[in-house]
1. Enumerate the lysines that B:Lys172 could reach by cross-link, defined here as Cα to Cα under 18 Å, with residues fewer than 8 away along the same chain left out.
2. I need the calculated FRET efficiency for the pair A:Arg166 and B:Ser415, taking r as the beta carbon distance and R₀ as 45 Å, to the nearest 0.05.
3. Give me a comma-separated list of calculated 3J(HN,Hα) values for the range B:57-62, in order, Karplus coefficients 6.51, -1.76, 1.60 applied at θ = phi - 60°, integers in Hz, x for any Gly or Pro.
4. What are the ³J(HN,Hα) couplings of the range B:109-122, residue after residue, when phi is run through the Karplus curve with 6.51, -1.76, 1.60 and θ = phi - 60°? Round to Hz, x for glycine and proline.
5. Highest mean first, what order results for A:251-257, B:406-412 on Cβ atoms within 10 Å?
6. Report, in degrees rounded to the nearest 10, the 0 to 90 angle that the Cα long axis of helix B:38-56 makes with the longest principal axis of chain B.
7. Tell me, B:Trp277, B:Trp416 in order of fewest to most beta-carbon neighbours within 10 Å?
8. What does the structure give for B:39-48 when I average, per residue, the other chain Cβ atoms found within 10 Å of the residue Cβ?
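Each reported figure results from applying straightforward, stated rules to the coordinates on display, with no laboratory input. Since this is a predicted model, take the numbers as computed values, not measurements. Glycine gets a Cβ as well: all are built from the backbone with ideal geometry, and neighbour counts include every protein chain shown.
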Amino acid sequence: MLLTSIIYGFVNSIILSLIALGFNLTFGISGVANFAYGALYILAGFLCWIFFNTIGLPYVLAILFSVFLTAISGLLLYHLVLLRIRGMVLAEVIATFAIGISVLELFKYFGFIGFEYSLPVFIDKSIDIGNVTIDMQRVLIVISGLILAILLWIFTHHTRLGLRFRGIAQNERTALSLGINSDLVASLSVSLGAALAAIAAIVILPLGTITVESGYDVLINALAVCIVGGLGSTGGVIFASFLIGYAESFTAYYLESHWVMVVPLVAILSILVIKPSGLFGVHKELEERI
Amino acid sequence: MKKGFLIILFCGLFLFIGTAIHAQEPIVIGVPTSLGFLEGKESYKAVQLAVEEINSAGGVKLQGKMRPFKVEALDIRDAAPGVPVPEALLGLEKIILEKRPAAIVVGPFRSEALLAGMDIIAKYRVPMLGTIAMTPLSEKKIKENPEKYRYIFRVSLNVIYWAKLLAGTMEKLRKEFGFNKVYLMNQDVLWARGTANAMKKRYFLKTGWEVLGHDQFPTGFSDFSSSLMKAKAKGAEVLFTCFDMPQSGVLVKQWKSMKVPALIAGFISPMAGQAAWNTFEKKIGGILNAVFEIGNIPCERYEPSKRFYEAYLKKFGQGIQSGHGPAPSYEAVYILKDAIEKANSLDPDSLVSAIEATDRIGVMGRIRFDKGHQVIYGKDPKEAALNCFFQWTEDGKRRVIYPDSIAEGKIFLPSWVKGKK
């Protein structure tokens, strides 16, 4: 039982980090809390489903197109909406949340209701680790999560664009004075965040079905992980994913499954009371000290 | 000149006759339910199908005139998480006041909304033929105060008949395979919680089954590995399931990939429709799933259910995917048509009396109402309406296995599940 909870807890933690990485990247760079994030995740899932099942494209192409189009949606979201209200935090939250709800409800309006929307698994096999059986899709989720985290680190530390991202994240005015176009970088960060949401959707959704309602759950999970880890801190996000992921798994194993959904909410509340900037957050640290 | 005059006269006559036919005021049927959920959406479609059939056959005969039905639907969102019951009731009241329906079909989705909405129905005296919400408490209220609540009927299954279906199938599993160790898993919503608790207390514990565990999952939960591993470790032979959330499909995928040596039997809504075979990558062979009303699944041994299913498939291009709602919704429109013609009036009290006297053979079997205004369900379609259990075969067919009167074959066990007999 302990081995099972350790293995599935690990998978659960990686799923949470995959879900939260894009949200965190966008906030860390542009300061925009993209509340349309869950909708972008579902958009990617449905786009992939349409390309694969309705249009009949090969699965790989369907994946590439859906990730690309979701990234473009993020870009449009920034240029059409966020650019005009950037810096007004409440307006950003309301606007992105409204857009997210609109996207999700539009899917319902166009009839995306039911259980037939599902993406195929990449490898249809299971493996045994000790006496625990685990399907290959979950193993691939773990591999994808690890690769994505490494690539993201290389991107932000060893590429020109990544360094610009970090420059804006550290101090936007100074970055501007050095010739970095902050609007361009911010729009790219929203777009890259959307692409990460799409990648998460592509690897996670084959575990079940694509439903409009899961868009809201994704947003709540991403928020929980980012708030606990500290908004803008990638290391914090990964740490918080493991904290919440294992807390959920152990709750399911040793208490009751019923309480699992409460774990992220309790985590948010606890961290807001104890350390509002999150475990590794820097944004409000000064205010907290004061 | 003369020819032109004749053409104009002919056209005028044609227009006059055409207008006269369509001038018959339609009889409005209200469909207030959760249209954003599969059961609500497909029930509404089934109503449209029945209305189209009736209208194309001439309409409803009322006081010597043939009048068409007209459907007015409203999404009251009572099944959506976070929507309070009073908000759903506003929708119910809105459709009654604005569209002035002669009757309501389908009705509230969640039992909580039905119970609270009964007073509104009673206040406006609109007959309602409900087809989704299942609580028997509505029947209790009708029996306690028949004058006030006599306008409310239920064509679909209620929880009591539902429990009988489940108990009957579990008994069959025990007799055929010697199973007597069960692990219960259900979604944490009123109907599923009620079903699982009732089955545990009134069936499993009373008939010698060993209940190894009982886990309840909040709506939206999507990793069932912990419960499956517990069930496997404790030696469960049957996994009794009750879910209507889309994420419950994950349970089946995990059951298959983890090779849990227990048979899944119960209700998992994503498993009910034919599309599940492809959605779940042809990996659901062996699962036993309930269908709340026949007709939602075509039964080879009951022709009317097949006819309805095929008509639905032909009109909408896809078969019924939900196990609950569409067949009784279709049936409800025909019950209403018969009642209007029998009462020869749209007066609510006359309609109620005519509906109470219903006795017809429909797509779910024989339709009659009891004193609580609940359609009587049984095991023989000649005597009562029917629900059923089917099993997914390894080649992607849904084979009815219970009740015996319409069973199409015997239950088989997946390769990793072993029977004791």
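1. Cα-Cα hits under 18 Å: B:Lys164, B:Lys181, B:Lys200, B:Lys206, B:Lys379, B:Lys410, B:Lys418, B:Lys420, B:Lys421.
2. Rounded to the nearest 0.05, the efficiency is 0.25.
3. With coefficients 6.51, -1.76 and 1.60, one gets 8, x, x, 10, 7, 9 Hz.
4. Each residue's phi maps through the Karplus curve to give 8, 8, 4, 4, 6, 4, 4, 6, x, 4, 5, 5, 4, 5 Hz.
5. Ranked from most to least packed, the peptides come out as A:251-257, B:406-412.
6. It works out to around 40 degrees.
7. B:Trp416, B:Trp277
8. 1
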